[in-house]
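Below you'll find the structure, written out as structure tokens, and then a few comments.
None of the figures in this text is laboratory data; all of them are computed from the coordinates on show. On a predicted model such as this, the values are computed, not experimentally measured, just so you know. Here the Cβ positions follow ideal geometry from the backbone for every residue, glycine too, while neighbour counts run over all protein chains shown.
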Amino acid sequence: MHHIIIGAGPGGVVAAETIRKTNPTDQITLIGDELAPPYSRMAIPYLLVEDIEESGTFLRSTSHYKDHRIDYVQGRVKSIDASAKTCLLEDGTELSYDELCLATGSTPISPPIEGIDLPNVHSCWTLEDARQISALAKPDSDVVLMGAGFIGCIILESLVKRKVNLSVIEMGSRMVPRMLDENAGGLLKQWCIDDGVNVHTGTKVNAIKESPDGMLVELDNGESIKADLVISATGVRSNTAFLEGSGIDIDEGVLINNKMQTNLANVYAVGDVAQGMDFSTGEYTVQAIQPTATDHGRIAGLNMAGKNAEHNGSLNMNILDTLGLISTSYGLWMGVEGGDTAEIYTPELFKYMNLRFGVDEESDVLVGATTLGVTQHVGVLRGLIESKIHLGEWKQRLIDDPMRIMDAYVASTQELDNAV
Amino acid sequence: MQKSLHLDPAKCTGCLQCEMACSYEKLGEFNPSRSVIKVFTFHEEGRFAPYTCTQCDEAWCLRACPVDAITMDLSSGAKVVIDDKCVGCKVCTISCPFGTINYVQETGKVAKCDLCGGDPECAKACPTDAITYIDANATGYDRMKAFAEKSLPSANTTS
């Protein structure tokens, strides 16, 4: 049995490892298209802050793949022929598979703006992008960041530490609109302004023009900002182009069932390229987050190795460190109609917590949460949501003090009352 | 024989010796706020409950780590954070459904229970046997672990 995994990010690597762990004899080929050994985009912000070297971003040690008899092939897949069960690489190599896992990830969207192709406009996605940004973001240089989403915010610290003059332009009415609500996004904006960042929300970039001393970023409010470097971080899109005509069903990403299988039984998809079930809504979405990629990878790997594994959807969750202010959101963080809420909001301390409960028979079940300025035991929010624990009397206690999430979890999972 | 921590809320008096011992072992100072075993207080029930990582088989923290900074110690079964590799991205802290791996602002890294290399100080410090380190099969801890894991629908696997 030959398994080919296209894409060497976290989802692909975990799929390969899971197959190997489950099945010691199968042949495994992992294909990656970048020059560096498999690395983690999640670690790039820490490379930009110069906390780590490039090798610190590597997903595994360099000998790991050989040690686990995973054949690593550096190359880019041009197309697949699902009926012949072959992958064609750009260099002309053809590889035959019995089972295929698509883990090709996503690529930054390039917004249709005049000047987006100028040489000093970069996205922040690959190691190569990080090298370019490091070279251009010098002290006192003018840097404009387009997009205050997850990626934009997580690299703010590195830019501030490099002592650049930084302006952030976000189309949405608040920072990180797809992850944080008004209260959390508002506090985050104030935090950044206090740290000397110029934050423009509800503002669009109309064009990036060349000027004698650098670039000029024109905004829709009539202002123009001088820039030596523009970083474009306006979202990502699944890498599915090479699958055109393959017969594999694609919507926003590759559609997968709860076993990570596509419409073709021997083809799986995981991570940012996959459009799988969301735990909270039951809808099929591309989540593009690290925990979902690795959970997908594990489930696909088990199934590819002959086990039977499935999930009931992936919980959408994020944790973001913006200039030291840490925020998280989970599941239905925006709440459900008619559901109760437990909230503390202390703007002067940059502290916020909002717990969302379900309705009807789930009225005492946590379905979503937002935290800001809180880091201890946040993982238990996942446990409470995914386990659908009925909180009973603890619901009111959480409404009185949302900080007691860990108490609520421990009390609900340990037998406190039965104690002798 | 694999051993694991057995935590018995009924025997816990809330004396916090475990938190003192844990922080002293890890940091060389008595600093319960940095202990990775925590005693939770339930005034309503008049109970205390010590709680820490179950060293679960799923190891969500380990799998979610983007830089391979969490590994399994083969002798104790503990999932251990390698400080030199941890970049402080905190993805493990939202992935662990038990809330037992946490970010430490002072170090910029995460911290969790590593069973002190197979000789946990918390168990030795506990004066009432609320924390014991015993044969894994005999611990109610396994039941708790099983409950929590079974209840997580993202993990269902049958072979």
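State the extension gain, in nm to one decimal, for the chain segment bounded by residue B:83 and residue B:31, taking 0.36 nm per residue of separation less the distance between their alpha-carbons.
The residue B:83-residue B:31 span can extend by a further 16.8 nm.
Once amide H atoms are built 1.01 Å from N in the peptide plane, which residues 5 or more positions from residue A:322, or in another chain, come under 5 Å H to H?
Here A:327 satisfy the definition.
Pop out the ³J(HN,Hα) list for the range A:329-344 in order, Karplus 6.51 cos²θ - 1.76 cosθ + 1.60 with θ = phi - 60°, rounded to Hz; leave Gly and Pro as x.
9, 9, x, 8, 5, 7, x, 10, 4, x, x, 7, 9, 10, 9, 10
Pop a pseudo-label 7 angstrom from the Cα along the beta-carbon direction at both residue A:86 and residue B:129 and give the gap in nm to one decimal.
Output for this residue pair reads 7.0 nm.
If the label point is 7 Å along Cα→Cβ of residue A:107, which residues in the range A:43-79 have backbone nitrogen under 17 Å from it?
Zone members listed by number: A:75-79.
Output the pairs from A:78/A:209; A:66/A:259; A:204/A:388 with a Cα-Cα distance over 32 Å in this structure; if there are none, say none.
A:78/A:209; A:204/A:388
Over the alpha carbons of chain A, what is the largest minus smallest coordinate on each principal axis, giving the biggest first in Å?
In descending order, the Cα extents are 78, 61, 36 Å.
So which lysines pass the test for residue A:163, namely a Cα distance under 18 Å, with those fewer than 8 places away in the same chain ruled out?
Of all the lysines, those that pass the test against residue A:163 - Cα under 18 Å, at least 8 places apart if same chain - are A:138, A:226.
Order these by the 10 Å Cβ neighbour count, fewest first: A:403, A:146, B:20.
A:403, B:20, A:146
For a quick check of your reading of the filter: which GluC sites (Glu not before Pro) in the range A:279-383 sit in a DSSP loop and have no more than 15 other Cβ atoms within 10 Å? Mind showing how you got there, number by number?
Values: sites: A:283, A:310, A:337, A:343, A:348, A:361, A:362; in loops: A:283, A:310, A:337.
Those that pass, being in a loop and sparsely packed, are A:283, A:337.
What full-extension length gain, to one decimal in nm, is calculated for residue A:194 and residue A:161 as 0.36 nm per residue of separation minus the Cα-Cα distance?
Details: separation 33, 0.36 × 33 = 11.88 nm, distance 1.44 nm.
The span from residue A:194 to residue A:161 would gain 10.4 nm if fully extended.
Karplus couplings for the range A:66-81 from phi (6.51 cos²θ - 1.76 cosθ + 1.60, θ = phi - 60°), rounded to Hz, Gly and Pro as x?
Using θ = phi - 60°, the values come out as 5, 4, 9, 6, 9, 7, 9, 10, 8, x, 10, 7, 8, 7, 10, 10 Hz.
Given an 8 Å cut-off on Cα distances and at least 6 residues of separation, report the relative contact order of the range B:3-155 as a percent.
Relative contact order for the range B:3-155 comes out at 30 percent.
Please pull out the direction-averaged projected area of the range B:1-115, using the convex hull of its alpha-carbon atoms, in nm² to one decimal place.
8.0 nm²
Calculate the dipole size of the range A:121-232 relative to its Cα centre from +1 charges on Lys and Arg beta carbons and -1 charges on Asp and Glu beta carbons; express the result in debye to the nearest 20. Present the calculation step by step, with values, prior to reporting the outcome.
On the way: 11 positive and 16 negative charges, 39 e Å.
My answer is approximately 180 debye.
How big, in percent, is the set of alpha carbon pairs in the range A:21-124 lying more than 20 Å apart?
More than 20 Å apart: 57 percent of the Cα pairs in the range A:21-124.
Check residue A:30: other-chain or 5+ apart residues with amide H under 5 Å from its amide H, H built from backbone geometry?
The answer is A:5, A:71, A:72, A:73.
Given H placed 1.01 Å from N in the peptide plane, which residues other than close sequence neighbours of residue A:333 have an amide H under 5 Å from its amide H?
Close amide H contacts, sequence-distant or interchain: A:369.
Just want to confirm a number: the relative contact order over the range A:332-413, from Cα pairs under 8 angstrom separated by 6+ residues, in percent. Kindly include the intermediate steps, with their values, before the conclusion.
Working: 143 pairs, mean separation 22.4, N = 82.
Rounded, it is 27 percent for the range A:332-413.
Which values, in whole Å and largest first, are the semi-axes of the equivalent ellipsoid of the range A:121-232 obtained as the square root of 5 times each eigenvalue of the Cα gyration tensor?
21, 17, 13
Grab the alpha carbons of the range A:182-341, take their convex hull, and tell me the volume per residue in Å³.
Values: hull volume 29.5 nm³, N = 160.
Cα convex hull per residue, to the nearest whole number: 185 Å³.
At 37 °C and 0.692 mPa s, what whole-number value in µm²/s does Stokes-Einstein give for the translational diffusion of the range A:332-413, with Rh from the Kirkwood sum over Cα pairs?
263 µm²/s
Enumerate by residue number the trypsin sites (Lys or Arg not before Pro) in the range A:85-163 meeting two conditions: DSSP loop (anything except H, G, I, E, B), and at most 16 other Cβ atoms within 10 Å of the site's Cβ.
When the trypsin sites (Lys or Arg not before Pro) of the range A:85-163 are filtered for loop state and at most 16 Cβ neighbours within 10 Å, A:163 remain.
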